[in-house]
Each structure stands twice: as structure tokens, then as C-alpha cells.
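*Asks:* If you scroll down you'll find the structure; I have some questions about it.
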Amino acid sequence: MSINPHARVASSQNGHAGGHLSNGSYEQLSARTKRAVERTCAWFLDQQQPDGHWVAELEGDTILESEYILLLAFLGRHDEPVSHKAARYILDSQLEDGGWNCYPGGPIDISVSVKAYFALKLTGHDPSSEPLQRARGAILAHGGADAVNSFTRFYLALLGQISYDQCPAVPPEAMLLPGWFPVNLYRISAWSRTIVVPLSIISACRPVAKLEPRQGISELFIRAPEDWPPLRCPGQKGGTGLLSWDRFFRTVDRCVKWFERRGWTPLRRKALARAERWVIDRFAGSEGLGAIFPPIVWSIVALRCLGYSDDSVEMQYCLAHLDGLVIEENDSVRLQPCKSPVWDTAITLRALASGGIKPDHAASRRAIDWLLEREVARRGDWSATVPAEPGGWCFEYANEYYPDVDDTSMVLMALADQSAPKSQHGSDWHVVEQATFSSLEDARRHIATTDRLASASKRALDWVIAMQNRDGGWGAFDRNNDHEFLCHVPFADHNAMIDPSTPDLTGRVLEMLGKLGRRQGDPVVTRALAYMRQTQEADGSWFGRWGVNYIYGTWQALVGLQAIGLPSDDPAMVRGANWLFSHQQPSGGWGESPDSYAQPELRGQGSTTASQTAWAILGLVAAGHAGSKAVTRGIEYLLKRQRADGTWHEPEFTGTGFPRVFYLRYHYYPMYFPLLALSQWAAAADPRRTEEAARQAAFGRWDMGFDS
């Protein structure tokens, strides 16, 4: 990997890098930072739930409210008050040009817009009204309903607008394919798996709810449905020639439908029974199948297909968890795609610890107990390919079949912060003192919790290591789930058919490993480091799969590499830091739009946000630039925009569900990430720490500031 030998000089000449802050400058900025940190810490302590966890709203686009109304229409309930309140939320979210988008500031999305229009008609909105006329014009100008994705086609078929022949075939017989077969259930991503299995039941049973003609949306069709264009994953590489995977899977699709039309499905009953059992088994220990909105919705439809009544235990279970995603305020309703309590609690706990909240603080103890209670002890889908003992954590309150590497790594770091005997940093207001107890019983509880913490952490660490992919990186839910040819199946256009290694997630695992004492020379770390070097972009950045986008990936890569002992003058660290330097905006902040997923040339560009500015600061601090002018300007950006209650306003979506398809707004992102950035900067930029580092280096004892 080549490097421009003048890169660091150029940064310094442009005023980005600079030297360390003087004592006086640091003291002034540190005092303001300390007050900001205290405000945010106090705010978080007020937000803690009585049982010890934190959770904020997880916001998606209006596809959630629209699909909710479409489901209620299938169930014959679309005239209920909740439907009209959801429709009001959809209407309030309409763009000036008439359509709806996937994220604030984004272009019209045809699938989101068609479903929104359909939902509004189903809830009694007049198609001749100005909003629907405007919506219809925008939809037709962008290809009409003809251009919607595969999942939208299933909703249209479900409500009698098109035939299931215009939907991709999802044969339940796929449930019978053995694990050694090139195409089988466990070759696709966990989130797709939980969608595909109930969808295979629907595809086989072809349920249709008849609507009144006036409720239909044929006015959005440019061509007859049988002439609609073929479905394809957005941005997918590979041709459509005779020997392409695209052509192969379309041929399979046609063959499956040909056999179905003739009733030649001898294994259909066995396959449906297998699919039914698979779905119902995974209700256990979960907030609905997969604990996320799409599988819960498709499970409800699938249960209807299989003859389950609305008052059956299984149907009531699904409906209750769907209702749990509903947020009702005044005269409108919105839905969450899922809930994020483990994620929010782990990061909040880390941010509070960084901000000076001690492990023996009551809030910390409650949070630790809450997290330990949610350790996953069940063998989930991952065990089909990974011979390891269960361990780790999921994202939601309960989702035992699907713990993930990302949450598990974050929880491990949060627990490590709470068990550390002393601060990882050096600032006076970060010192973690010895725990004090009011009674012998209190001390005994602490010892028991410490033992539980150690054993849970050991199980989780072993599980994460077992999940490492052959390329040295990590995916989220499975190991070696990287068979790209599966991205060419016709229903793969949600752009998340597989779960391969990603640099952002691998960087987070490296951060966790480094925090737990695993450094270069460790075989697991060595393989991961090679992966990180291979995936660094030519401009020095890293791709971010789970956050928007290259700022997210570059931050997590730099932090992970520093944690395992990579020096700040390593070429990868230098190039990554220089990329962040070069994308700081005149305001001092950083920002990037989800546009960069479809147009990589827009990486690092977009409205500045508190969360993305915090990521950039954390990345530059990890790369050794805590005292730089760029980082100081970033700190000033955060301080100036903090509100009186310790929070920041951020309407932008900086979380990623499916790149190019679905994005997220984590309502805590603009709080706990700036808290982490401010407190870690204050420690790392302290001139006293820098002087101590120089003294230690002179005697060969400086170890990057991390305990082994």
C-alpha cells in the first residue's frame, strides 16, 4: 500500500494537524468541555429506566407506517383510528415535490412513495385532493408502480393489485435444502432469513384481500403488471448475460412458477410444515420473529395463511409485539423498525464512564445488572456454521436466536470499563476510584456481580472470536456469510442478502480486543489487521456498513487499529487521519449524507451533525491528533451547539439499516457519541498526559495508554 510521503506535512501546512495545545489553551477549553460533559451525564442519568437500562426511539422512514396500514387492510382493520393516525403521520412527511424519501434530504424513493399513496387511499384520502394529486404526479414521473421493489410487489399482490406471478418466487421447498448445498437457508443473512421463511409460506399460499375498486392504485401503473421490468439488487455488480448468475436465478424463478401452475409440487406440504415449525420455534425468547418489523408483519400474514385464528396464542404473540413498536402521540402514530435497548445501554454506559461516572455509582450498577441479565444462552441460527458455546448479546430486549457481534463487542467494552481498576486515560476528572460500599451485603452483591461479569465476558469473547470470517474480518450475525452470487436472486433487491465482513464492524471488534489486552502478534488480531489494510480505500477512508458512512467506517477503523497498538505513524493511520482532516467543513464539524452509498464520490459530504463530528474527533484522537487545530475546532463545534439540557439536535439519519434502501435515526446518537468525544478528547489532549508520554517513551515504557 503506497503512501504520499508529503501527506502529513501537507496537513500541517494547511493548519489541520498542528501541535499540541498549550497548557493555557487546554485549561480554558477543558473547563468548558468539563461543564458540557457534566450536563450530558446529568441528562443521561435522568433518562435511565428504573430497571437500569437506556433506550431511545429508533426512527425509520414512512415505509413502516405505510406497511402497517397495508397489513391492517389485509386483516380488515384499516378503518380503525390507529390507521388514520398513521396516515396523518405519512401525510405530514410528504415532500414538496409530492413523493416520500428514505431519509431527510434524500431524493424521492419510488417504493416508499407508492406504499404511502396506497396507505392514504386505504384510509379514505380522496385521490383528487391536492396531496394525492401531487403524489401521483411524482410517482408517475419516477417510473410509476412499475418500478417498485420486490417486497412492495408482495404487498400489492396481498391486496389484489397485481398477481403473485409478478412477484419473485420464494418456494418453501428451499427449507428442505441441506446445509452442504450451495443454496440453502443459512447461506443468506439472518435478517433476510427471518423475512424469507414466512414469505415462502405466503408465496406458496398466495393470500389476497379483496378491496373495493376505489381503493386500488391502478392509476399508478404505467404498463400492465406483466410487462413490469425485472427486479435487480441496486448497485449489484455482474452482467445479465447467458452465463450470468442473474440469468440463472431468473430461469429458476420461471421454472418454479411453471411447476406451481401445474401443481407439480410433491414436497410442498412437507416444506410448509418445516417453514411453519421454523417460524414458531423462533418466537421463543424473542420480541417477534427476528425482533424486527418486517418478519413480524410477514409472520402475521403467514399465520393467517396456515389457518391460525386471530385469537390464537401465536397470532396474539405477533400482534402484541407489533403493537409494541407503535408510538402514539396526540393525533398521529409512527412505528419503530425495532428497539435498541442493549445498544443504547452499552454505549451510554461507556460514555458515562468516560465522562467520570464511577463503576460504583448506582446507575452504573443497575446498568451492569441489566446487561448481564440479557446475556444470550441459547444456540441460535449462527450455530449452524459455528461450533461454539453460546454467549454475547442481541440488539433488542429479547432476540435469543440472533445475538450479534456488534452489540456483543460494545457490551464487552462497557463491562470492561466498569471492571477496570484505574482510568484508561489520564485526566484528573476521569480517575476511577476504588468502589465503596455501605454494607457487607452491598459488598457481597458487588463480588457476585463481578464474578458474573467475568464469566459472561469470557463466554462472549470466545463467541466473537469463533465468529471471525475466513478473510479475517467479522460480519454481524453469521460467519462466512459472503456468497455474493445470492445477491442475484430476484428478491435480493433490499440489498442485504448476505452478511460479509465489513471494516466498521471489524474495527469495533479490534477496539474490543485491544481493550481486553489482545494486541499485534495475536493470530486473531493479525488476521483482522490484514483485512483492515486490504479494505482501506484508495483515499484513506474505510466504508461504513452500519453507520453513515465513510466517516463512520474511518472512525471505527482508526480506533480499532490504535487499540491493538498500531502506531500513529503507520501508513494506514496516517492516510485515515488525513482523510478525516480533508473532510472537515468550515463550521468545524463533519457530516455525510446517505447519498454516499449510491455515489461514493460524495463520501464525507453532507450537512454537519453532532454524531458524525464526534466520530471524526474520536478517530483523530485515536490517530494521535488530539491536540490538533482540526480537533480543537471540532470540539468547539460541539460545545457551541450543545443545548442547555446537555443534548444536541440532529434530525439527520446517520444510522444504516440496508445501504441504499433503509436508513435510521438513532435518537441517542447525538448525545452519547459527543459525550464520548468530548470526554476522551479532554483526557488525550491534556498537556500533562503528553509530557508523561514523552517521559515514558524516553525509558521505553509507554504502551499507547492501554492496560494489558
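*Asks:* Of the options L220, A496, Y552, report the single residue whose Cα projects farthest towards the positive end of the charge dipole of the chain (beta-carbon charges: Lys, Arg +1; Asp, Glu -1).
*Replies:* Checking the options against the dipole of the chain, the answer is A496.
*Asks:* With each run of n ≥ 4 DSSP H residues scored as -39500 (n - 2.57), what mean residue ellipticity at 222 nm is computed for the chain after dividing by its residue count and rounding to the nearest 500 deg cm²/dmol?
*Replies:* The helix contribution divided over the chain gives -15500 deg cm²/dmol.
*Asks:* Lys/Arg Cβ at +1, Asp/Glu Cβ at -1, dipole of the chain taken about the Cα centre: which of G540, I300, A320 is farthest positive-ward?
*Replies:* Checked the options; the winner is G540.
*Asks:* Kirkwood hydrodynamic radius (Cα pairs, Å) of the chain?
*Replies:* One over the average 1/r among Cα pairs gives 26.6 Å for the chain.
*Asks:* In whole Hz and in residue order, list the ³J(HN,Hα) couplings for segment 103-112 that follow from phi through the Karplus curve 6.51 cos²θ - 1.76 cosθ + 1.60, θ = phi - 60°; x for Gly and Pro.
*Replies:* 7, x, x, x, x, 4, 10, 5, 5, 4
*Asks:* While we're looking at this one, here's another question. Do any of K210/K257; K121/K210; K121/K339; K34/K358; K339/K640; K358/K629 go past 26 Å between their Cα atoms, and which?
*Replies:* K121/K339; K339/K640; K358/K629
*Asks:* Shifting gears a bit: Give the distance, in whole Å, between the Cα centre of segment 458-534 and the Cα centre of segment 587-645.
*Replies:* Rounded to whole Å, the Cα centres lie 26 Å apart.
*Asks:* So how tilted is helix 523-535 from the main axis of the chain? Cα-based, degrees 0 to 90, rounded to 10.
*Replies:* It works out to around 70 degrees.
*Asks:* Rg and Dmax of segment 544-660 over Cα atoms: what are they, in angstrom?
*Replies:* According to the Cα coordinates of segment 544-660, Rg and Dmax are 13.7, 41 Å.
*Asks:* Let me spell out the model: positive unit charges on the Cβ of Lys and Arg, negative unit charges on the Cβ of Asp and Glu, origin at the Cα centre of the chain. What dipole size does that give, in debye rounded to 20?
*Replies:* With Lys and Arg at +1 and Asp and Glu at -1, about 1320 debye.
*Asks:* Relative contact order of the chain: what whole-number percent is it, with Cα pairs under 8 angstrom and at least 6 residues apart?
*Replies:* 18 percent
*Asks:* If one puts a single equal scatterer on every Cα of segment 592-697 and applies the Debye formula without solvent, what log₁₀ I(q)/I(0) results at q = 0.11 Å⁻¹?
*Replies:* -0.40
*Asks:* How large are Rg and Dmax for segment 305-393 when only the alpha carbon atoms are used, in Å?
*Replies:* My reading of the Cα-based Rg and Dmax gives 18.8, 56 Å.
*Asks:* In addition: With no solvent and one point on each alpha carbon, what is the Debye value of log10 I(q)/I(0) for segment 118-266 at q = 0.11, 0.13 Å⁻¹?
*Replies:* Rounded to two decimals, the profile gives -0.53, -0.72.
*Asks:* Where does the longest stretch of the chain lie that holds no GluC sites (Glu not before Pro) found in a DSSP loop with 11 or fewer other Cβ atoms within 10 Å?
*Replies:* In short, 97-432.
*Asks:* Let me ask something else. If you consider only alpha-carbon coordinates, what radius of gyration and Dmax does segment 77-121 have, in Å?
*Replies:* 10.9, 33
*Asks:* Under the rule that an exposed site lies in a DSSP loop and has at most 13 other Cβ atoms within 10 Å, name the longest stretch of the chain with no chymotrypsin sites (Phe, Trp or Tyr not before Pro) of that kind, not counting the sites themselves.
*Replies:* Segment 438-698 is the longest.
*Asks:* Could you tell me the ratio Rg/Rh of segment 510-595? Both radii from Cα atoms, Rh via Kirkwood.
*Replies:* Rg/Rh: 0.99.
*Asks:* Here's a follow-up. Run the reach check for K458 against lysines, Cα to Cα strictly under 19 Å, same-chain hits fewer than 8 apart removed. What comes back?
*Replies:* K515
Quick note: the coordinates plus some simple rules give every number you see, no bench work behind them. What you see is a predicted model, and the numbers here were worked out from it, not measured in a lab. Positions of Cβ are generated from backbone atoms using ideal geometry, with glycine treated the same way; all protein chains shown enter the neighbour counts.
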